[in-house]
Amino acid sequence: MAYFLQQLINGVTLGAIYGLIAIGYTMVYGIIGMINFAHGEIYMIGAFISLIAFLVLGAMGVTYVPLALFLVLILAMGFTALWGWAVERLAYRPLRGSFRLAPLITAIGMSILLGNMVQILQGARVKTLPPTVPGGLILMEADSFAVRLSFLQIVIVALTVVLMIGFTWLIKNTSLGRAQRACEQDMTMAALIGVNVDRTISATFVIGAALAAVAGLMVTLYYGVIDFYIGFLAGIKAFTAAVLGGIGSLPGAMLGGLLIGLIEAFWSGYFTTEYKDVAAFSILVLVLIFRPTGLLGRPEIEKV
C-alpha cells in the first residue's frame, strides 16, 4: 500500500506537468484545427530559459528560494511566450487558409529548427541544476518503506492547480476567452461580428507557450537535468495526453495528462522503466483505434 501511494504521488506530479503542455496542443487545435508539433520544443526552450535564469540569479546573489522561483517563473513565461508569438507570426500565420498539409509540414520543420537551434546555442551535453527546493514530508512508513512527499512536488501540484483555476476563469469570464470560443466555433463568423481573429490566435499561442514554460521550469527543478532533446519526448507524451483526454477539450487535456503521468509512474514502479514510454504510446494507439475523440472529446469536431 505504501509503495502504491508513493507511485500515486509521483504519477500526479508527472501528470500535472504533462497536462500543462497538453493544454497548448489542445488550445491551438481547438481554434485553428492544426497540431502544433513545435510545442514540445517551446516547452524545451522554457526549460533552458529557466536554467539560465537560475544561473544568472545565482551569480547576482539572489539566493532566497521563493524570490528566485518567482523571478524565474516570470522570466521563463515571458520569454517563452515571446517565442510562441514569434512561431505563430512567422511560421503559421502566412500559411493560414492554405491546404491542410502545409501547416503540418511547417510545424514539423519548426520543431526541427528550434531543436537544432538550441543544440547549437547550448550544446548537446546534458545541463544540470543543483536541487533548489530540498526537503519534504514522510507521510507513512510500512515494511521499511517510507512514503515521501517532497516540497517540490507540493509546489508543482499547487502551482498547476492555481494556473488551471486562473486559466479557466480567463476562458469563461474575459473578452479574450469569449473571442477564443467564438473562433473555435466559426472563425469567419467571429471575424464578421468584430472579433480580431489574428490577435486571438496569437494570444492562444502566447498562453500555450507560457504554460509550457511553467512545465519546463517544473521539469528543470524536478529532474535537475535537461537537454535539447527533452522537447520531443515530452511533446509526444503531452500530445498523447491531449488525444486521450479529447483533443480540443481543456479539461480533457488535464485529465489526459494526469492519466499519462499515472500510467508512466505505475508502469515504472511495478514493471520496468525501460518500457514506460512504450506503455504511454500504446495508449495513444489504442485511443486512436477505439475512441479517436478521446475520453472528453466531442464527436462533432471534424478539424484535423
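Taken together, the criteria exclude N10 from residues that are open to solvent by less than 10 Å² (accessible area, probe 1.4 Å) and farther than 21 Å from I165 by Cβ. Within segment 20-33, one or more residues are within 15 Å of the chain's Cα centre (by Cα), of a type in the set (S, T, N, Q) and either open to solvent by 20 Å² or more (accessible area, probe 1.4 Å) or within 30 Å of L255 (Cβ to Cβ) (or both). Listed by first and then second residue, the pairs with beta-carbon distance under 6 Å, at least 6 apart or on different chains, first residue in segment 266-278 and modelled with pLDDT of 80 or more, second in a helix (DSSP H, G or I), are F266/Q7; W267/K276; W267/A279; S268/K276; G269/Q7. Annotation: of all residues in segment 76-124 being part of a helix (DSSP H, G or I) and of a type in the set (S, T, N, Q), the one that is nearest to V56 (Cα to Cα) is Q122. Taking each residue of segment 159-185 that is of a type in the set (F, W, Y) and looking for partners that are surrounded by 15 or more Cβ atoms within 10 Å (Cβ to Cβ) and in a helix (DSSP H, G or I) with beta-carbon atoms closer than 9 Å, six or more apart or interchain, yields F167/I23; F167/I207; F167/L211; F167/L250; W169/G177. Among the residues of segment 129-165 satisfying the criterion of being more than 23 Å from G261 (Cβ to Cβ) and in a strand (DSSP E or B), which is modelled with the highest pLDDT? Top of the filtered list is E141. How many residues, within segment 57-81, are free of Cβ contacts under 8 Å to residues at least 12 places away in the same chain and more than 21 Å from I42 (Cβ to Cβ)? Here the count works out to 10.
Conditions (1) open to solvent by 40 Å² or more (accessible area, probe 1.4 Å); (2) farther than 20 Å from M218 by Cα; (3) in contact with a helix residue (DSSP H, G or I) (Cβ under 7 Å, 6 or more places away or on another chain), marked per residue:
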residue: A76; (1), (2), (3): no, no, yes
residue: V87; (1), (2), (3): no, yes, yes
residue: L95; (1), (2), (3): yes, yes, yes
residue: A102; (1), (2), (3): no, yes, yes
residue: T132; (1), (2), (3): no, no, yes
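Against the numbered list (1) among the β-branched types (V, I, T); (2) in a helix (DSSP H, G or I); (3) closer than 23 Å to I230 by Cα, I35 comes up short only at (2).
The single condition from (1) open to solvent by less than 20 Å² (accessible area, probe 1.4 Å); (2) over 22 Å from the mean Cα position of the chain (by Cα) that G58 fails is (1).
Selection of segment 55-75 for residues being of a type in the set (V, I, T) and not in a helix (DSSP H, G or I) yields V62, T63.
Among the residues making up segment 77-109, those that are within 17 Å of the chain's Cα centre (by Cα) and farther than 14 Å from I32 by Cβ are M77, G78, F79, T80, A81, L82, W83, W85.
Residues in segment 134-172 that are of a type in the set (S, T, Y) and open to solvent by 60 Å² or more (accessible area, probe 1.4 Å): S144, T168.
Applying the condition of being open to solvent by 10 Å² or more (accessible area, probe 1.4 Å) and of a type in the set (V, I, T) to segment 201-218 and asking which residue is nearest to the chain's Cα centre (by Cα) yields I207.
The values are calculated or read from the model by the stated rules, or taken from the named source; none is laboratory data. Note that the coordinates shown come from a computational prediction; the quantities given were computed from them, not determined experimentally. Note: ideal-geometry Cβ built from the backbone for every residue, glycine included; neighbour counts use all protein chains shown. Surface accessibility is based on the protein's heavy atoms, side chains included, excluding ligands, DNA and RNA. Shrake-Rupley method; radii C 1.70, N 1.55, O 1.52, S 1.80 Å.
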